[in-house]
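A short worksheet on the structure shown next.
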Amino acid sequence: MTASSWIAAWSGLVPPGAAVLDLAAGKGRHTSFFAGRGHPVTAVDRDVSALAPSDTVEVIAADLEDGSPWPLADRRFGAIVVTNYLHRPLFPALFAALQPGGILLYETFMEGNERFGKPSRPDFLLKDGELLDLVRGRFSVTAYEARMISQPKMAMVQRIAARLL
Ligand SMILES: C[S@@+](CC[C@H](N)C(=O)[O-])C[C@H]1O[C@@H](n2cnc3c(N)ncnc32)[C@H](O)[C@@H]1O
């Protein structure tokens, strides 16, 4: 499982030892990535069958879209990682789960991805500039891209690395 090049590139923003939340962690490629670098990681997904808890990895099974309460209560993290997942109603809880100065690393598909296949539903595609609009006034943006990528497959993505003010 290879980490996203964006997450790997900006992972150095995350302070050593900071607790990391990997939301919609999937098979846990970024859970493994950060755990392997000495971070305690909390991995959340509705399907946790591929996620192995350990001394440093906490696995939480939760459906994030069925109206259940936010599964992390009032916990705060030094960094939050989200890749290839979008459920807009989560943004307030997601941002509230960052400690002051915490790092947001977010990468997912954007408008224009339809031409390459799925996801193609507007619900699953960021609009032009949407990540920037979401963080404006609340985060300091270190890096942002909205572009076509060819690896691991052709896609239109938006991605951001930002620090909560
Ligand atoms: C495309 S995968 C991305 C996984 C991982 N972030 C990565 O990039 O490797 C999307 C993930 O979102 C999870 N997911 C989709 N709907 C969800 C929901 N309602 N609640 C929790 N997780 C959900 C899926 O189970 C899947 O693991």
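Taken together, the values in this text are just the output of simple stated rules run on the coordinates, not laboratory data. Only a predicted model underlies this, so the values are computations on that prediction, with no experimental measurement involved. Ideal geometry is used to build each Cβ from the backbone, glycine not excepted, and the neighbour counts take in all protein chains shown.
Some observations on this one:
- Shape analysis of the range 61-165 places it in the oblate category; the axes a ≥ b ≥ c from the Cα gyration tensor give an a/c of at least 1.5, with a/b not above b/c.
- Near Leu98, the amide H atoms lying under 5 Å from its own belong to Phe77; only residues 5 or more places off or on other chains count, and H is placed 1.01 Å from N.
- Counted residue by residue at 0.36 nm each, then reduced by the alpha carbon distance between them, the extension gain from Lys127 to Ala8 reaches 40.4 nm.
- Using the Cβ-Cβ distance between Ala52 and Phe95 with R0 set to 22 Å, the FRET efficiency works out to roughly 0.20.
- DSSP loop trypsin sites (Lys or Arg not before Pro) with at most 15 other Cβ within 10 Å excluded, longest remaining stretch of the chain: 77-126
- Close amide H pairs (under 5 Å, H built 1.01 Å from N) link Ala143 with Ala161, residues at least 5 positions away or on another chain.
- With a cut-off of 9 Å between beta carbons, the residues surrounding Leu64 carry a summed charge of -3, where Lys and Arg count +1 and Asp and Glu -1.
- Near the amide H of Ala25, within less than 5 Å, lie the amide hydrogens of Val44, Asp45, all on another chain or at least 5 residues away, with H placed in the peptide plane.
- Karplus-derived 3J(HN,Hα), 6.51/-1.76/1.60, for each residue of the range 84-92, Hz, glycine and proline x: 6, 8, 8, 9, 3, x, 7, 4, x
- The simple spin-label model puts a point 7 Å past each Cα toward its Cβ; for Val141 and His87 those points are separated by 2.6 nm.
- Calculated [222 nm] ellipticity per residue, helices only, for the chain: -3500 deg cm²/dmol; basis is -39500 (n - 2.57) per DSSP H run with n ≥ 4, divided by all residues, nearest 500.
- Sites matching chymotrypsin sites (Phe, Trp or Tyr not before Pro) across the range 29-89 that sit in DSSP coil, with at most 16 neighbouring C-beta atoms within 10 Å: none
- Phi angles across the range 149-165 convert, under the Karplus curve 6.51 cos²θ - 1.76 cosθ + 1.60 with θ = phi - 60°, into 3J(HN,Hα) values of 10, 10, 10, x, 7, 4, 6, 9, 10, 10, 8, 9, 10, 8, 10, 5, 6 Hz, Gly and Pro given as x.
- The chain - share of DSSP beta bridges that are antiparallel (%, nearest 5): 45
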